[in-house]
1. Considering each residue of segment 21-56, count those that are part of a helix (DSSP H, G or I) and near the ligand (Cβ under 9 Å from one of its atoms), and give that number.
2. Among the residues of segment 1-20 satisfying the criterion of being in a loop (DSSP other than H, G, I, E, B) and in contact (Cβ under 8 Å) with a residue 24 or more places away in the chain, which is farthest from the ligand (Cβ to nearest atom)?
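Nothing in this text is a laboratory measurement; each read-out follows from the coordinates by a stated rule. None of the values given here were measured: they were computed from a predicted structure. Ideal geometry is used to build each Cβ from the backbone, glycine not excepted, and the neighbour counts take in all protein chains shown.
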Ligand SMILES: [Zn+2]
C-alpha cells in the first residue's frame, strides 16, 4: 500500500500536522539554518513554524559560506540582523515593559543592562539542530561570527515533550523562535497562539508514536 503524503508538510496523511498551523504575521523575518540531519526528523518543529509564520525561510545545509540566499539576507539587513546563539558576546533579549515580561513565565528573569536593547533588530537567524550540530554550523560559518548575537533569558520552560534533550529546559526551535520574536516585537500575546498549538501538536505526536508501537 502506498503511503500518500500531504503536499504541504510532506508527511504521511495520517500524520499530517497542517491542522496545527496558525497564521501569524511576524514583523521580524526569520531565517532558519537547518542542519541536514533535521530535515527527515518527523518530530521537527520547523515545518510547523514555517507554516505558521508569514515570513520564515529555511535553508538546509552545514556550511553556508557560498549560500547566496544567506549572503543576500546578511547584506540586506546589514547591522540589523541577529543570530540567536549563546556565544560569549550574546545580548539577552528582554521585553521593554514589565507587563509583557510577566506574561509568559513564573521565573524571575534577570534584568540586565541590555534590557530592551532589541529595537535595532530587523531579521533573526536561528540554527535548527541538536546543540552539537548548531555549534558545528556556528563554527563553520565565519559570516555568523561578525553579526549581533542574542540569547533568551534563562528560566523559560519548554513545552516540548517528544525529544528529550540533555540540557535542562532546552527549547525546541519553534519555541525559541516564538520567545525571541515576542521579545523583539515586544508582544508576548501574539505568539501564544502558536505556543498553544504546539502543545496540541506534541500531544498528537505522542499519540501517533504510541499507536505505531
Ligand atoms: Zn500536512
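1. Step one: filter segment 21-56 for residues part of a helix (DSSP H, G or I), giving 36-39, 46-52.
Those left that are additionally near the ligand (Cβ under 9 Å from one of its atoms): 47, 51.
Looking only at that region, the number is 2.
2. Here is the first cut: in segment 1-20, the ones in a loop (DSSP other than H, G, I, E, B) are 1-4, 6-11, 16-17.
Now restrict to residues that are in contact (Cβ under 8 Å) with a residue 24 or more places away in the chain: 8-11, 17.
Working: 8: 4, 9: 3, 10: 8, 11: 6, 17: 6 Å.
Looking at the filtered set, the residue picked out is 10.
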